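Here you go, one structure.
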Amino acid sequence: MREIREPSELKKMSVRELQALAGEIREEIIHTVSEQGGHLSSNLGAVELTLAVHYVFDAPEDKLIFDVGHQAYAHKLVTGRLEAFRHLRQHGGASGFPQSDESEYDAFTAGHASTAISAALGLARTRDIMHGENHVVAIVGDGALTGGMCYEALNDAGRTNTRLIVILNDNGMSIAPNVGAMSRYLTHLRQSKRYRAVKRGIRRGLSRIPGVGIPLFHFIERLRDMLKSLLVDGKFFSALGFEYIGPIDGHDLKHMIRVLKRTKDSDQPVLVHVVTQKGHGYRPAENRPDAFHGVAPFFIDSGEVKRGERVPPCGRVAARQLAEMAEMDIRICAITAAMPTGTGLSEFAKAHPDRFFDVGIAEEHAVTMAAGMAAGGMKPYVAIYSTFLERSFDQMLVDVCRNSLPVTFLIDRAGLVGADGSTHQGVYDLSYLRLMPNMIVAAPRDVRDLKKLLSLSAEISEPMAIRYPKDGDDMGPGIQSQRDFRVGEWELLSSGGDVMIFAVGRMVQFAMQASIELMGKGLSAGVVDARFVKPMDEKMLIEQAKRVRLAVMVEENALAGGFGEGAIRILEENGVATDVMALGVPDRFIGHGTIAEQLAECELDAYGIARRILARWKEREGRADA
């Protein structure tokens with residue numbers, strides 16, 4: 001595509017030229033995502049909308065806040081990031097999400113849905129305090145409206161009559177088909193038969209008038225939003241204090257530009273309801289928008305993924321196991337927050353549709369609803385990505401743990417996540433889960449152990465969390481465990497005379513490889529699978545630490561508050577004098593790249609673990625010689 005260095009260049013283009021540019025942008029998005037992976041269908045649907053917004057508003061003076069990155073690719077391409085975009089989600093390339101440290105045109109860093117209106121309201125109020133004149137625009141997907149933060153922000157903005165523009169990009173889906181009353185309400189607005197019938201009648205009648213009919217229709221079309229406000233029920237947003245405009249065709253550039261220009265003159269909050277087609281312009285994505293929401297590299301002609309999965313994702317393994325367990329236990333039910341496909345629970349839904357609940361982008365609600373179901377006698381399993389579960393801290397602590405209810409959390413995408421980057425790293429869950437009374441916390445080293453932990457969870461009457469990465473092959477080939485699991489019991493995998501490595505989750509695989517590296521350097525290193533982070537196997541920890549001269553804790557989690565800190569505290573309290581060290585994710589946000597690159601950056605790959613242990617050993621021996 002032609003390079004757009006700054007969005008002001010769009011203002012010099014005609015509508016026809018903008019339409020041609022929209023086609024170029026779609027080709028660029030399809031080509032890049034086919035090579036790098038990323039979020040495709042939602043971004044294809046937002047191209048004309050993005051061009052209209054940049055044509056009308058003056059970023060970066062006017063602040064544009066995108067709700068996560070699922071519709072921000074075109075925005076990146078018209079703000080001077082073409083070359084960086086061609087390395088999308090790769091180390092050194094453009095992030096898949098808005099990043100304020102990447103460009104001045106990204107007014108707010110975002111990675112989780114339903115935040116844009118709150119952030120925009122904050123920017124608008126700052127503008128008012130500073131007596132500014134700039135516009136603040138929040139571009140929000142309809143899926144975000146399944147999250148409660150949107151309504152808190154809409155209610156607050158409308159109550160105080162703050163000048164703010166919210167553009168609702170309504171494509172009928174978020175990651176999965178939207179659920180709930182708001183989805184039905186928007187569908188009603190999109191499909192109002194009365195409005196559509198009147199519109200068709202006016203068009204047919206005027207087209208029969210020679211010469212003046214079509215120009216007259218275009219004149220009347222300018223009054224279309226007023227007509228819609230009369231014929232289509234937009235009272236919900238009006239009741240919140242917003243001027244409601246729409247719904248309008250999100251692929252009609254000319255009309256969108258006219259509408260957005262009018263919003264600039266409003267002295268009250270405005271909500272513009274734009275209807276787009278997810279996957280617009282690429283037939284495979286139009287036909288299967290959910291499958292093309294977030295995709296691995298694929299062949300453009302067919303839409304088929306370029307490389308097949310060698311091992312099923314952990315979520316799918318867990319869902320299949322859970323479905324089998326549910327055959328024998330009617331209490332078992334499954335809950336997710338708008339991620340049935342990503343978490344694998346769509347397979348559970350097929351087997352047990354009456355015991356599957358997708359609550360939309362509402363993690364807090366999902367957790368407390370699960371607590372309510374558990375209080376009523378059910379055995380709920382809540383499957384949510386680690387990064388999104390952070391939103392539910394209070395609900396987990398008070399509603400689940402305080403009541404000691406048997407809710408099991410299946411924490412997907414735990415640890416470093418690769419291309420999704422800093423806003424999506426699942427490296428904080430061990431820290432906040434460890435501090436919750438009554439919570440059992442476990443991390444399997446491979447998919448075989450994941451199945452065993454799920455079986456164990458069915459017997460537990462307390463809260464439990466099982467955390468695992470996305471892909472089964474990321475957890476290594478597997479090491480057979482010969483016995484059933486007991487809560488709080490670890491497993492000695494190999495003995496060592498010099499060093500003992502206590503590893504959690506998929507770090508066990510890297511610890512085993514590191515022990516072999518150390519053996520080649522003359523160090524005898526053993527490995528313990530510390531699969532239960534809470535409660536810990538204090539007996540094994542103390543016994544094995546006493547037998548060596550260096551005890552090493554390895555976790556794919558932030559060091560602060562994590563497994564290592566807890567294990568070292570136990571050793572100190574029991575007077576164990578063995579030298580100790582903790583390896584984990586450093587105290588900074590880890591950017592996007594491959595998981596292998598991120599592990600190397602954090603020195604948590606086999607080579608990094610071995611190198612750091614060897615350096616510590618040499619330092620220790622140097623102190624001993626002195």
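The values are calculated or read from the model by the stated rules, or taken from the named source; none is laboratory data. The shown structure was predicted, so the numbers you read here are calculated from the model rather than taken from an experiment. Reconstructed Cβ throughout: ideal geometry from the backbone, glycine too, with neighbour counts over all protein chains shown. Just so you know, the surface numbers come from the protein's heavy atoms only, side chains and all, with ligands and any DNA or RNA stripped out. Shrake-Rupley method; radii C 1.70, N 1.55, O 1.52, S 1.80 Å.
Where the Cα atoms of segment 493-548 are projected onto their three principal axes, how long is each span, largest first, in whole Å?
Here the spans come out as 34, 25, 11 Å, largest first.
Hand me the chymotrypsin sites (Phe, Trp or Tyr not before Pro) from segment 287-395 located in a DSSP loop with no more than 14 other Cβ atoms within 10 Å, in residue order please.
Here the sparse-neighbourhood loop sites are Phe299.
Can you find, among Leu77, Thr126, Thr146, the residue farthest towards the positive end of the dipole of segment 54-179? Put +1 on the C-beta of Lys and Arg, -1 on that of Asp and Glu.
Most positive-ward Cα: Thr146.
What residues have an amide H closer than 5 Å to that of Leu493, excluding those fewer than 5 places away on the same chain, when H is modeled at 1.01 Å from N in the peptide plane?
Amide H to amide H, under 5 Å and 5 or more residues apart or across chains, Leu493 pairs with Val527, Val528, Asp529.
Rounded if a/c is under 1.5, else prolate if a/b beats b/c, else oblate: with a ≥ b ≥ c from the C-alpha gyration tensor eigenvalues square-rooted, which is segment 431-470?
Oblate.
Calculate, axis by axis, the spread of Cα positions in segment 360-454 along the three principal axes, and write the results as whole Å, longest axis first.
Dimensions of segment 360-454 along the principal axes of its Cα atoms: 40, 29, 26 Å.
If you don't mind, another one. How far is it, in nm, from the label point at Val305 to the one at Arg5 when both lie 7 Å from their Cα along the line to the Cβ?
With each label point 7 Å from Cα toward Cβ, the separation is 4.2 nm.
Quick one: P(r) of segment 64-124 from all Cα-Cα pairs, 5 Å bins, percents rounded to integers, in order of increasing distance.
For segment 64-124, the pair-distance distribution reads 4, 21, 31, 24, 12, 6, 2.
Now a separate question. Averaged per residue, what accessible area in Å² does segment 1-109 show with a 1.4 Å probe, protein chains only?
Result: 35 Å² of accessible area for each residue.
Which cross-chain or sequence-distant (5 or more) residues have an amide H under 5 Å from the amide H of Cys333, H modelled 1.01 Å from N in plane?
The list, which skips near neighbours in sequence, is Lys379, Tyr381.
Here is a further query. Under a point spin-label approximation (7 Å from Cα along Cα-to-Cβ), what is the Lys546-Lys261 distance to one decimal in nm?
The modelled label-to-label distance comes out at 8.3 nm.
Per the Kirkwood definition applied to all pairs of different Cα atoms, how many angstroms is the hydrodynamic radius of segment 20-86?
Taking the inverse mean of 1/r over all distinct Cα pairs, segment 20-86 comes out at 12.1 Å.
Which far-off residues, 5 or more places away or on another chain, put their amide H under 5 Å from the one on Glu243, with H placed in the peptide plane?
Long-range HN contacts for Glu243: Val270, Leu271.
So what does log10 I(q)/I(0) come out to for the chain at q = 0.06 Å⁻¹, using the Debye formula with one equal point on every Cα and no solvent?
-0.37
Can you figure out the FRET efficiency of Asp329 with Glu390, using R₀ = 25 Å and their beta-carbon distance, to the nearest 0.05?
Given R0 = 25 Å and the Cβ-Cβ separation, E is 0.25.
Then there is this: Shape verdict for segment 270-416, please, from the Cα gyration tensor: rounded (a/c under 1.5), prolate (a/b greater than b/c) or oblate.
Numbers: a/c = 2.13, a/b = 1.54, b/c = 1.39.
Verdict is prolate for segment 270-416.
Ok, one more. Do the alpha carbons of any pairs in Lys63/Lys278; Lys76/Lys350; Lys350/Lys451 sit beyond 31 Å of each other, and which pairs?
As for pairs spanning more than 31 Å Cα to Cα, those are Lys76/Lys350.
Among Leu240, Leu435, what's the order by accessible area (1.4 angstrom probe), most exposed first?
Reading off the accessible areas and sorting them downward yields Leu435, Leu240.
³J(HN,Hα) across segment 570-586 via Karplus (A = 6.51, B = -1.76, C = 1.60, θ = phi - 60°), whole Hz, x for Gly/Pro?
Working through the residues one at a time gives 4, 5, 5, 5, 9, x, 7, 8, 4, 5, 10, 8, 10, 10, x, 6, x Hz.
On to the next question. List the lysines whose alpha-carbon lies under 17 Å from that of Lys254, not counting same-chain residues fewer than 8 positions away?
Excluding near neighbours in sequence, the set is Lys11, Lys12, Lys264.
If you average 1/r over every pair of different alpha-carbon atoms in segment 236-325 and take one over that average, what Kirkwood value in Å do you get?
Numbers: mean 1/r = 0.0579 Å⁻¹.
Mean inverse Cα-Cα distance, inverted, gives 17.3 Å.
Which ³J(HN,Hα) values, rounded to whole Hz and listed in residue order, are derived for segment 601-608 from phi using the Karplus coefficients 6.51, -1.76 and 1.60 in 6.51 cos²θ - 1.76 cosθ + 1.60 with θ = phi - 60°, glycine and proline given as x?
Karplus values, whole Hz, x for Gly and Pro: 4, 8, 6, 10, 7, 4, 5, x.
Can you return the aspartates and glutamates within cross-link range of Lys306? Criterion is Cα-Cα under 13 Å, with same-chain partners fewer than 8 residues away left out.
Qualifying aspartates and glutamates at Cα under 13 Å: Glu35.
Rounded to the nearest percent, how much of the accessible area of the chain (1.4 Å probe, protein heavy atoms only) is carbon and sulfur?
52
Let me ask you something else. Tally Lys and Arg at +1 and Asp and Glu at -1 over the other residues with C-beta under 9 Å from the C-beta of Leu614: what net charge comes out?
+4
Given the DSSP H assignment, sum -39500 (n - 2.57) over each helix run of at least 4 residues in the chain and divide by its residue total; what's the result at 222 nm in deg cm²/dmol, nearest 500?
Dividing the helical sum by the residues of the chain leaves -12000 deg cm²/dmol.
Could you sort Ile411, Ile330 by accessible area so the largest value comes first, with the probe set to 1.4 Å?
Ile330, Ile411
Rounded, prolate or oblate for segment 499-626? Axes are the square roots of the Cα gyration tensor eigenvalues, ordered a ≥ b ≥ c, and the cut-off for rounded is a/c under 1.5.
Numbers: a/c = 1.60, a/b = 1.18, b/c = 1.36.
Verdict is oblate for segment 499-626.
For segment 452-459, take each phi angle, set θ = phi - 60°, evaluate the Karplus expression 6.51 cos²θ - 1.76 cosθ + 1.60, and give the result in whole Hz per residue in order, putting x for glycine and proline.
Each residue's phi maps through the Karplus curve to give 5, 5, 5, 4, 5, 4, 5, 8 Hz.
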